[in-house]
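The values are calculated or read from the model by the stated rules, or taken from the named source; none is laboratory data. These numbers were taken from a predicted model, which means no experiment stands behind them. Neighbour counts are summed over all protein chains in view; Cβ atoms, including those assigned to glycine, are modelled from backbone coordinates with ideal geometry. Accessible surface areas use protein heavy atoms only, side chains included; no ligands, DNA or RNA. Shrake-Rupley method; radii C 1.70, N 1.55, O 1.52, S 1.80 Å.
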Amino acid sequence: MRFGTLLLFALPLAAVAQRKPVAARVDSVLSLMTLPELVGQTNQYNGFWNATGPMPAGNEWVEQRVKALKQGGVGSVLNVAGVDQVRALQKVAVEETRLGIPLIFGLDVIHGYQTLSPIPLAEAASWDLEAIKRSARAAALEATADGINWTFAPMVDISRDPRWGRVMEGAGEDPYLGARIAEARVRGFQGDNLSDPTTLAACLKHFAGYGFPVSGKDYHTTDYSAHTLYNWILPPFEAGVKAGAATVMNAFSAANGIPATGDSALVWGELRRRMGFGGVLVSDWGSIGEMIPHGYARDLRDAADRALAAGCDIDMESDAYLRHGVELARSHPADSLRFREAARRILTLKFELGLMDDPYRYCRATKPDVRAEAYDMAVRSSVLLQNKGVLPIGSVLVGLTGPMAAEKNGVLGNWRVSAKDQSAQSLAEAVEGRCWTYAASAPHSVGQEAFHAELTLNAADTKANDAALKALRKHDVLVLAVGEHGYESGEGRSRASLRLSAVQQDLIRKAYKTGKPVVLVVYAGRPLVLEPWIQEGAAAILWAWQPGTLGGQAVVDVLCGKSEPYGRLPMTFPRSEGQIPIHYDAFSTGRPGPKSEVFWSHYTDESNAPAYPFGYGLSYTSFAYENLQVREAPGGWSATVTVRNTGARSGSDVVQLYVGREGNGQIYPVKSLKAFKRVVLEPGSSAAVELELPREALTQRDGQGRSIPFTHGTLRITVGPNSAEGLTWTTNLIP
Ligand code: GLC
C-alpha cells in the first residue's frame, strides 16, 4: 500500500521532528501542501461510508466523498465512532492520500458517550464544578476509547427562554455560573495535555447569541443588545477560551442583520482579538450554506467567501469550501492566505492531539466503567422545589405511577447519539425489592421516538390512569413520575406551551382526589410551567431533569433520603409563558413597582415573580443565614456570613453572593451572581462562610464594548441561599 509522502517524510525524521516546536512542524507540512490540499483540510463530512466494508454499489454520493477523501479533500469527519470504523477511515487518509495527513474524528459528546450523565442543564443545577469536571472527564474516557478525539461541547449559550429546546444543553441563564461551568467542562474534556489519548478537544458553542431566539423558536433570528452580548452572552466563551478550549463553533442564528457564521466583526473583534482565541473555528452543520436561505449570501460560492472572511476554518457539511475554495483562492489572494491560515490552525490541532505522530493513538484504549460518575452527577443534579414533610419517604407503602416511571429512553435526554435506546435504569426498576408498587398509567407518547423526529403525544387516552390509581388504592404515598420525554427538548424542539400534557394532568388531578400525599417527580429538559393547582396540591415536587443512564437509582436514593436533594436552579422557573423571557438579573426599569396605580412595569393578569427563582432549591434540613460582615480591601470585598443548620438532618446549602450597582452612569441588573460556595453542616452546627468579590467583578461593558469599572455609586452585596433571599450590606463608593 502506497504510503503518504508526509508519513515517509515524518517517520525517518520523527525523532528530530518531534523535538521541533509544533509551529515549525506545521510550517514543514504546509510547505508540502498544494492549494487543493490546504482547502481539503477545511472540509468536514458527516460519516458517509462504512470503511470496514465494501463501497456501497452504485452510490454516487458515497463514491464522490470517498474520492474527495483520497484526494486529500477531507480534513475531519463527525459521527464516525468505534475503533474499527475510525481505524479503517484513518487508514485511507493516512495511506491513500498524497500527504497522509490524518483525520480528526468529532462527535457530540454532550452529556456522556454511551453511559449518559444527566443533561448539561441538570449538571449545572449541581453548582458543583468539580463534579461537572469529573463528568466531562468520564465522557472523554468513554468516547476516546471508541476513537473520538473531538467533542462538540460544551454548549455555553446563555438563555432565559425555556421555550427554546436547547436550554437542556447549556448551563442556564447566568453568565457567572455559565462561565465557571464552561471552564470546568473544558478542563474535564481536555485535561492538561491534548495529546493524551484519553482526552477530547473541546468546542465552545454556539458563537454567538444562539440562546436569544425571537419567540423561543430554534434557528430563528436572535435579538439582543450589544450590552447583552458583552455582559451575558460572551463571558462564558471568554472563560472557556481562557481555560484553553481548542475549538469554537459558529451559531446557526443571525443577529443585527448578519448570520453568526458570516459575522467578521464578532469573530475577529471579539473571539480572535479580544479573547485571543487562536484555535479552530468550525461552522455548525451546514451553517455556511444556510447563509443563502438567511438571504445573506447569493449562492454557495458567495457563502464560502463570506464565511472564510469571517474566520470560519472548517466547513461542516456545506461542501462550500471544497466546491469553491480553490477557485476563490486563485481569484482572491486574500482567500488563498485565509485557507493557508485555516489549514495552519487545523494542522496545529492535529499535532496537539498527537495524531500527526500516531494517527491511531485513539484506537487502543480499553472501555472504562463510568457508571459511578453518571450516578453521582444524577444525585447531585435533582432539585427539591417543594416538600410538605412527606420526603424523605420512610417505611410506608409507596405507589409509583406516571408515564415516566418505567421510562428507559426518554430519561436519557436528547443528546445521546451513542447511547443505546432503552439503556436507562428506570425509576420502576430501581424500586424493585422495596415496599413500592409500580402501576402503569396512560402513556405519555405514542409511536416513533427518534433524535430527528417529532414525538407524538398521547392526546386523550387516560384509561390506564384510573386503573393505576385503583391498583394503588391501598398505598400510603403516591409518587407520580411525569414531565417531558427527552425528545421533547433539545435541538429543533421549541415549545409554545410549557405545561404538562392533558393526560398527565388527568392523572395528577385524580391522584390528588385520593387524598393521599402525592409526590411529583418531574423529568424535563427545561423549566416547565406548573399550574397553581398542581403546585399547591403536591406534597412534594422533585425536579429530576433527564438524569441519564443511572437516573432511576439516583432519584430513589434522593426520595428515600440516602442522598439529600443537592441541586439549585440554574434557570428561573416561570409562572406562565407570558412572563418569558424571565430571569433574576433583570434591570430595575424607570418604573419599578409595586404602585397603587397602573403606571409601573408589571402585568395586569400575572405576577412579576417567578414560580421558583434562580439559585433556589430545598434540602431535607433547613438553614439560617446570620451576621453578614463585609470587609473592604484594595482588591475588593470579602463577605462573611454565618450559616446555621436549624434542622434535624445533616445537609448542604449553596451560599450565593449577588451584587447590585447603581449610580455609576450605566444601568446594572438589580442583582448579579458573583460568587458561590457549598457548605455542609451537621444538625445544629454553623459555619462562617467567606466569599470574595474582586473589584474587577463589578466592571461592566457599555454598549460600545468599553469596560467601565464601578467606581462610584451604591454597591449592595447580598448573601443568601438563592437569588430571592439573603442578607444585604450596602455602601456608597466615592471615587
Ligand atoms: C447540530 C448542532 C450542533 C452540533 C452539530 C453536529 O446541528 O447545532 O450543536 O454540534 O450539528 O452534530
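Evaluate region 33-44: report whether one residue or more is open to solvent by less than 60 Å² (accessible area, probe 1.4 Å), among the polar types (S, T, N, Q) and more than 27 Å from residue 286 (Cα to Cα). Within region 33-44, none of the residues are open to solvent by less than 60 Å² (accessible area, probe 1.4 Å), among the polar types (S, T, N, Q) and more than 27 Å from residue 286 (Cα to Cα).
Just need a number here: residues in region 516-534 that are open to solvent by 10 Å² or more (accessible area, probe 1.4 Å) and within 26 Å of residue 166 (Cβ to Cβ).
Residues flagged as open to solvent by 10 Å² or more (accessible area, probe 1.4 Å) and within 26 Å of residue 166 (Cβ to Cβ) within region 516-534 amount to 2.
Tell me, please, whether a residue that is within 16 Å of the ligand (Cβ to nearest atom), within 15 Å of residue 250 (Cα to Cα) and either touching a Gly at 6+ places or on another chain (Cβ under 6 Å) or not assigned by TED's automatic domain parsing to the domain that holds residue 570 (or both) can be found in region 175-197. No: region 175-197 contains no residue that is within 16 Å of the ligand (Cβ to nearest atom), within 15 Å of residue 250 (Cα to Cα) and either touching a Gly at 6+ places or on another chain (Cβ under 6 Å) or not assigned by TED's automatic domain parsing to the domain that holds residue 570 (or both). Pairing residues of region 535-557 that are within 17 Å of residue 567 (Cβ to Cβ) and of a type in the set (Asp, Glu) with residues that are part of a loop (DSSP other than H, G, I, E, B) and open to solvent by 10 Å² or more (accessible area, probe 1.4 Å), at Cβ distances under 8 Å and at least 6 apart in sequence or on separate chains, gives 557/563.
Within region 211-238, residues that are without any contact (Cβ under 8 Å) to a residue 24 or more places away in the chain and surrounded by fewer than 22 Cβ atoms within 10 Å (Cβ to Cβ) have Cβ atoms under 9 Å from residues that are among the charged types (D, E, K, R) and assigned to a loop (DSSP other than H, G, I, E, B) in these pairs: 214/223, counting only partners at least 6 apart in sequence or on another chain. On the basis of being hydroxyl-bearing (Ser, Thr, Tyr), free of Cβ contacts under 8 Å to residues at least 24 places away in the same chain and out of contact with any strand residue (DSSP E or B) (no Cβ under 8 Å at 6 or more places or on another chain), does residue 607 make the cut? For residue 607, the condition - hydroxyl-bearing (Ser, Thr, Tyr), free of Cβ contacts under 8 Å to residues at least 24 places away in the same chain and out of contact with any strand residue (DSSP E or B) (no Cβ under 8 Å at 6 or more places or on another chain) - is not met. Within region 248-271, being away from the ligand (no atom under 12 Å from the Cβ) and touching a Lys or Arg at 6+ places or on another chain (Cβ under 6 Å) holds for one residue alone: 262.
The residues in region 35-61 that are more than 16 Å from the ligand (Cβ to nearest atom), outside any helix (DSSP H, G or I) and within 28 Å of residue 345 (Cα to Cα) can be counted, and the count is 3. For residues that are part of a strand (DSSP E or B), of a type outside the set (S, T, N, Q) and under 32 Å from the mean Cα position of the chain (by Cα), tally how many sit in region 663-693. Matching residues across region 663-693 total 14. Here residue 64 does not fit the description of being more than 16 Å from the ligand (Cβ to nearest atom) and in contact (Cβ under 8 Å) with a residue 24 or more places away in the chain. The residues listed here are 701, 649, 631, 695; of these, the one that is touching a helix residue (DSSP H, G or I) at 6+ places or on another chain (Cβ under 6 Å), open to solvent by 10 Å² or more (accessible area, probe 1.4 Å) and modelled with pLDDT of 95 or more is 701.
Selection of strands (runs of 3 or more DSSP E) fully inside region 385-500 by the criterion of at least 3 residues being at pLDDT 95 or above, open to solvent by 10 Å² or more (accessible area, probe 1.4 Å) and on the phi < 0 side of the Ramachandran plot returns 436-438.
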